[in-house]
Every structure is written in C-alpha cells, then in structure tokens.
Amino acid sequence: MAEAKQGNAAENNPYDALVRLLRDKALYDSVFVPDGAVYELQTLIQSSAIAFDAYCPSCGADTTWRVAPSDLIPQNIGQLRQAGVAFKYFFEPFTKAMRYLDFKCSRNATHVLQFAVDADETGPQKGAIRLTKFGQLPSLADIASSEIDKYRQFISGVDLAELKRAVGLAAHGVGIGSFVYLRRVFERLVAEAADAAIDAGASQFTRDEFDRMRMEDKLQGVKDYVPAWMVQNRKLYAILSRGLHELSEDTCKQAFPAVKQATLALLEQHAEEAQKKKRATEAALELEKLQKTLDRDG
Ligand SMILES: [Zn+2]
C-alpha cells in the first residue's frame, strides 16, 4: 500500500523520504521528492543536519548516525540560489554528492555508514526526482544480523541462525520469506515445551498427538512450560501464519519490525524464566543439603 502511494506522488517531506530510503529500504528501492527539494537536501547535507537512529555494528549498540558534509556540494550554494542560477547547476553537484553519502556514528566518528544514491530527474513523474539507493556498506543485512547478536547469550544456535536469516531476508526486501523463519522459531519453542512437559510426566498427550494438535490447543497444553506472555500474545502466531497464507509481500515487509520485536521479546522471557527456574531448583537442592547437615550435626 505504502509502496504504491510513494509511486504516485513526490513526498512533501524530502528529509523523511531520504531518511527512510537510507535507513529502511532495500537496495534498488526508490523514493520520490519534489525537484525543489534538491536545494534543501544539499543545504541539509552541507550543515550535517540529516541524522537517524540505528544500530552500529562496531559499537554493538544503538547510535545516532549523522551525515558528513560533502566536498562535492558548492560552498556558495546559498548565493547561487539567490542569484537565480538555473536548476541544472544545482542538480549536477547534487547527483554527485548523493553517490558518496557518508554518515558517522555519534559515539565514534571512525564508524562510518556509506550510501550510494542515484538521483534521476527523468523518472516516471514530472517535477519529481527519483532517489534510488544502489549501494550501502555495511549492508542492512549485516547491521540487522549484528543486532541479533545482542541476544546470543540466551538464544540457541539454531534459533539465532534462523532469526538472522529472517532479518537478512527482510533487509533484502523479502517479506513473506522472513515470516517463515520467525514462525519456525515460534514453533520450535512450543515443541521444546511439549517435550519438557512429556519428560516431566505432566502432559495429557504423546508427542505424536501433540504434533497433530492446532496451535491454539498446543499452547493451552504447554502453558506451564512457556512464558505466560506467549499464551497471552498468541496472536503473534496467528499473524505469522496469516503472513504465509494471505498477507501480501508489502504488508509482510511493513509488519516485519513489529513481529520481529515480539519474537525477540518472547525468546527473552523464555530465557529469563528458564534461568529463574534453574536458580530456584539449585537453591532448593542447597537447602535440602543444608537441612541434612544440620540434622546430622544437631
Ligand atoms: Zn559506532
């Protein structure tokens, strides 16, 4: 839906359009800005006034990325504008500067995010400039993947690999495919909970019976073995499944950040609860030992 809207009209806020292109869009995606925005964007670049928040793989933390002024933009652009110089004299330096856009990490200026953007005034829309991202380093996929590494301490290797595949696909503009991997992570958590319930002799089902149950019933069956949050927010699974069967590629792309956050929140809670349970079991064992010692000595 949003894609179609962008294809129809130049956006009123060129700053927002450019930030979205750089921060969120896959390679070869475009946004359209009015041709009058060329002057405004160059002025913003020259005064380092374009910035956005995103993860920095080198810091291993969220940071603010701020554009570095470009040598390719004339210093006297304000005077040229006042003198009524023709559009093409603004457009040429703009196209060059956009090919080498550097953003610096506000924590450490040696951490740089590089972009290459093509500016085309002969695109399908009159009076609009089409901005197409054709280069980025580090890639969106690398940034997203290193962000997932934050969760390494409490996510199993196979979940970590599949989460990375999900964010990698999303970074390359693959919507439905990215949902598939999130759904697998969700299903694995439920299956592991079923095994734990069966091992503890606390289940009403065998593993074969469990595999044939609907997700709604599965969650009820393992509710003591998964975070309560998971049962309360079982719509996450419904949304992931809808993505596979009925949602469009674009809807999945738009929805991906929210379902990714929900999946990570789920894994985080699961790990926290497992840790609490382990600590409680160990503490109970210690108490029991202590009691025996005291009984013997007393
Ligand atoms: Zn950094």
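How do the helices (runs of 4 or more DSSP H) wholly within the range 107-216 filter down when requiring 3 or more residues that are more than 28 Å from Glu272 (Cβ to Cβ), assigned by TED's automatic domain parsing to the domain that holds Val231 and more than 16 Å from the ligand (Cβ to nearest atom): which remain?
Numbers: elements: 140-148, 157-171, 175-199, 207-212.
Ranges flagged: 175-199, 207-212.
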TODO: For the range 73-94, indicate whether the set of residues that are in contact with a helix residue (DSSP H, G or I) (Cβ under 8 Å, 6 or more places away or on another chain), surrounded by 15 or more Cβ atoms within 10 Å (Cβ to Cβ) and under 27 Å from Gln254 (Cα atoms) is non-empty.
DONE: no
Task: Verdict on Asp224 being outside any helix (DSSP H, G or I), among the acidic types (Asp, Glu) and in the same structural domain as Ala196 (by TED's automatic domain parsing) - done: yes
Task: Every residue from the range 53-91 that is among the aromatic types (Phe, Trp, Tyr) and in contact with a strand residue (DSSP E or B) (Cβ under 6 Å, 6 or more places away or on another chain) - done: Tyr55, Trp65
Task: Selected residue (only one of Gln254, Gln269 is of a type in the set (S, T, N, Q), part of a helix (DSSP H, G or I) and either in contact with a helix residue (DSSP H, G or I) (Cβ under 6 Å, 6 or more places away or on another chain) or loosely packed, with under 13 Cβ neighbours inside 10 Å (or both)) - done: Gln269
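Mind checking which residues of the range 113-152 are under 19 Å from the mean Cα position of the chain (by Cα) and of a type in the set (S, T, N, Q)? So that I can check it myself, show each step before the final result.
Kept after step one, since they are under 19 Å from the mean Cα position of the chain (by Cα), are these residues of the range 113-152: 113-115, 133, 135-152.
Within the range 113-152, Gln114, Gln136, Ser139, Ser145, Ser146 qualify.
The values are calculated or read from the model by the stated rules, or taken from the named source; none is laboratory data. Small disclaimer: the values here were computed from a predicted structure and weren't measured. Backbone-built Cβ (ideal geometry, glycine too); neighbour counts: all protein chains shown.
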